[in-house]
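First up is the structure itself, then whatever we jot down about it.
The values are calculated or read from the model by the stated rules, or taken from the named source; none is laboratory data. Bear in mind the structure is a predicted one, so any value in this text is a computation, not a measurement. Glycine gets a Cβ as well: all are built from the backbone with ideal geometry, and neighbour counts include every protein chain shown.
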Amino acid sequence: MEAESSPLCSSVNPADPRIFVADRRGEVGYLAFSGFQAIDGSEPSCGTLMVLGEFGCEHLFSPLECDGEGMVKVDAGFLRLLLEFYQRQDFQNRIQEFLAKVKMIILIGHSFGATTASLTALWFLSHLQPVASPISVLCLTFSTPLLGNESLYRAILRNRWGGSFCNVVSKLDVVPKLFFAPLTSLTPQLHLLLQFWQDITTSPSLEQLVGELRKQNFDEFFSNIKDCVKDVTQSEEEGRNNLFWPLGSYLFFSEEGAIYLDNATSVVKMMHLMLEIVSSASSFEDHLKYSYYTRLFSSQFLERINVNCLSESSQKANVFLALQSSGIDPQDDNISKTTKDCLQKARHMGCSPNLNSAHLAIRLSKRMPCRTQLEWYKARCDESKDQLGYYNTFKIFEASRRQSIVDLNLFLFAAFWDDVMHMAEQNKLSHDFQLDISLHSGMMSCTWRNKINSHTISTACPIGLMHRWNGRNRKFQILDIRWNRTIAVVAQVPRQINNKRSRSRYASLTQDSLFWARVEELELLLANNNGFEKYAEELIEGKEVSVDVLVENSSY
């Protein structure tokens, strides 16, 4: 696929920077973007992270909304480019054609065009997810600059989209590392590089262009980028959300082979190590050699190599081969030791993602008795003679033995869903896990979401307003979003098929998980209102108010 994609991407590069190439082959649609977009490092918006909502286009990426751990930010210049494409009628026509006629959409881009491809892929995924479309999306980029912050990276993992992004990066190419450094300090040299890369595709005098470029002093340029990447590798986790961060998986190419990494921290570390062995002169031409690398990579699959003295340990052998594939001499202790540590940390410790997903399904099946007990307990509360119901029973009789058993069951549910979300954000689950879990646990998540949320409101947060806006666990927010999307999909089924749209009896669980928080909020407001009425009457009886309070049209 890479061997086909890189030439398709190259075919659009020499043309108008605002052009794109769309092609449909059977049930697969291809969309490629030029690497020479109408943007450069001298533009103020380029290299500036901005909150996604500030552009007024959050409706295009609704699944990426904030989850309470940080605002999703993207590069302002690249998002502006996407919006320019999105407003074009010819672009919209091709998108609608793909949505109607294909089963897979492959987006391809080189350099700055790669960021447009990535943002378009994010739009496709955001658009297709709420309607449960069977169309799959793959974004394959070459030499892509960094696009957004760590919150964007985590939002992509949370939505199970990590497998839809593959970034091909050459060992010598400096463009993927550019945005780790402030572009204001790189602008003069960056402008020369961009102009060089654009001219080289149309000029026959390659040697002359390279010679003129090498006359410029780029040592400070590369040293600045190297120092900034090193600072990012050593940065604290709390401060990363204001920095650019890689998303998706990375395939690092060299003359000797390629290595695959899907751990963002290891990707950043590998980028830094690659800069340690790169020279400014070699990176000039390497930025445009991705067609060569993909052809070389394809041919290497057909070769058999003999490697002597491989360790009997599979882990050590894998690291040794990865070092060779990345073009790093395993005998060079100056850099190979650090690279080995990076590659070992990048490995998935413990079970594979597929096994983790299978184990979660087994754990979920063991929670079925807990769900049955919760349903039995709720039925007893609803049928009780005191007519308190489930919520008020919890609120009044919290300390009883029966309530403690319910608490334990709810705790087991909470621990399970905490593990699910943690493993999803740590990239420890298979990319199709969302489909599997929705088949087996849709009702389980709804049961836990509504029951434990009611319990939390009645005990830990008696003031509903606090629970709604300040004290609410992010588990509830994420499950609410997913459940609402499921409901939206069901609502699109025609009425004659969906015979459950109009209820003939009350729901077993209140569908709004915040209903009781709103009740608590209203009780608080009523209590405040009653207190104010008493206070105001005392002032009026004592004639301590002015006549403007008592006039007919007074706000009071």
| said: Kindly evaluate Ala507 against the criterion of being free of Cβ contacts under 8 Å to residues at least 12 places away in the same chain and closer than 29 Å to Trp376 by Cα. | reply: yes
| query | helices (runs of 4 or more DSSP H) wholly in the range 315-408 with at least 1 residues that are modelled with pLDDT of 80 or more and surrounded by 15 or more Cβ atoms within 10 Å (Cβ to Cβ) - which ones? | reply | 353-366
| task | Starting from residues that are among the small types (Gly, Ala, Ser) and in a loop (DSSP other than H, G, I, E, B), keep the ones in the range 46-105 and report whichever is modelled with the lowest pLDDT. | result | Gly68
| note | When Ser136 is run through (1) farther than 15 Å from Ala22 by Cα; (2) buried (at least 18 other Cβ atoms within 10 Å of the Cβ), the failure sits at (2)
| query | What is the one condition in (1) under 19 Å from Ser266 (Cα atoms); (2) surrounded by fewer than 24 Cβ atoms within 10 Å (Cβ to Cβ); (3) among the β-branched types (Val, Ile, Thr) that Val168 does not satisfy? | reply | (2)
| remark: So, first residue buried (at least 16 other Cβ atoms within 10 Å of the Cβ) in the range 48-61, second residue among the polar types (S, T, N, Q), Cβ within less than 7 Å, six or more apart or across chains; the pairs are Leu49/Asn149; Leu49/Asn242; Leu60/Ser126; Phe61/Ser126
| field | Search result, residues across the range 142-195 that are part of a helix (DSSP H, G or I), of a type in the set (Gly, Ala, Ser) and within 22 Å of Cys228 (Cα to Cα) | value | Ser151, Ser185
